[in-house]
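Each remark here refers to the structure printed beneath this line.
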Amino acid sequence: MDIFYHAQSFEQNIKAGSIGLIGSGSPRIVELSQRLPKRIWVFKTPKGMKGSIQLVASLLVSEEPSVAVQTDQPNVIFYDVFSPHSVVFTDSGSLERVQQVSGYFQYRWHAAFSTSFRGDAGLRAMEADVVRGLEAIVTDWARVQMLELVKDRGSVRPINPFAQSSN
């Protein structure tokens, strides 16, 4: 099981160095984390394309923070910012890719699309069959390790520099 997470500002957060956790006012993220997800798949609605979604990133879930993080969100899930499996898709904004991902999810979660992913509609469990289908779609997509997009990478330091990254 993985997590579908809709976040419009995720890319700006990366550039600003605000990384390492996904926070929510809703307890739904904690409920999903208790199901031991492997990854968080981050999506957004592309500008001017209401009713469509763009896959932004795939992040490896971690039981504890890999970097020092601060948040006022009451419910959080951590991801490993140093893992080579925490990636941002660099060509996912093309019309073809947006249509491919949107089409894949629209018939599964029509209600989420109709509410524009507000609230808990933007946070969903992705069962194994859905994850396998998404992995097949993105297998040849260009991607970079997420830290490559942080403007001041020197400011991102591991909490425990001797810890092994999650795999």
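The values are calculated or read from the model by the stated rules, or taken from the named source; none is laboratory data. These numbers come from a predicted model, not from an experiment. Neighbour counts run over all protein chains shown; Cβ positions are idealised from the backbone, glycine included.
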*asked:* Of everything in the range 16-27, what is under 15 Å from the mean Cα position of the chain (by Cα) and on the phi < 0 side of the Ramachandran plot? Give them in sequence order.
replied: 18, 19, 21, 22, 23, 24
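Taking the criterion of being small (Gly, Ala, Ser), within 24 Å of residue 137 (Cα to Cα) and either in a strand (DSSP E or B) or under 11 Å from the mean Cα position of the chain (by Cα) (or both), would at least one residue in the range 45-59 satisfy it?
The first filter runs over the range 45-59 and keeps only residues small (Gly, Ala, Ser), leaving 48, 51-52, 57-58.
Of the ones still in play, those that are also within 24 Å of residue 137 (Cα to Cα) are 48, 51-52, 57-58.
Pick out the ones that are also either in a strand (DSSP E or B) or under 11 Å from the mean Cα position of the chain (by Cα) (or both) and you get 57-58.
Checked the range 45-59: at least one residue is small (Gly, Ala, Ser), within 24 Å of residue 137 (Cα to Cα) and either in a strand (DSSP E or B) or under 11 Å from the mean Cα position of the chain (by Cα) (or both).
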*asked:* Looking only at the range 47-84, how many residues end up being buried (at least 17 other Cβ atoms within 10 Å of the Cβ) and within 18 Å of residue 106 (Cβ to Cβ)?
replied: 5
*residue 36 versus (1) surrounded by 21 or more Cβ atoms within 10 Å (Cβ to Cβ); (2) modelled with pLDDT of 90 or more: which is the lone unmet condition?*
(1)
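Please state which one of 108, 118 is modelled with pLDDT under 95 and surrounded by fewer than 14 Cβ atoms within 10 Å (Cβ to Cβ).
Values: 108 fails: surrounded by fewer than 14 Cβ atoms within 10 Å (Cβ to Cβ).
Exactly one of 108, 118 is modelled with pLDDT under 95 and surrounded by fewer than 14 Cβ atoms within 10 Å (Cβ to Cβ), namely 118.
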_Any hit, the range 1-9, residues being of a type in the set (Asp, Glu), more than 22 Å from residue 148 (Cα to Cα), within 14 Å of the chain's Cα centre (by Cα) and surrounded by 21 or more Cβ atoms within 10 Å (Cβ to Cβ)_ = yes
*Output the residues belonging to the range 39-48 that are among the charged types (D, E, K, R) and modelled with pLDDT of 95 or more.*
39
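Tally up the residues in the range 140-167 that are modelled with pLDDT of 85 or more and either part of a strand (DSSP E or B) or more than 21 Å from residue 92 (Cα to Cα) (or both), please. Reasoning before the result, please.
From the range 140-167, those modelled with pLDDT of 85 or more are 140-148; that's our starting set.
Those left that are additionally either part of a strand (DSSP E or B) or more than 21 Å from residue 92 (Cα to Cα) (or both): 143-145.
The number of residues fulfilling the criteria is 3.
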*What residue, among those in the range 63-106 that are of a type in the set (A, V, I, L, M) and touching a Lys or Arg at 6+ places or on another chain (Cβ under 8 Å), is nearest to residue 15 (Cα to Cα)?*
88
*Output the residues belonging to the range 119-139 that are part of a helix (DSSP H, G or I), touching a helix residue (DSSP H, G or I) at 6+ places or on another chain (Cβ under 8 Å) and of a type in the set (D, E, K, R).*
120
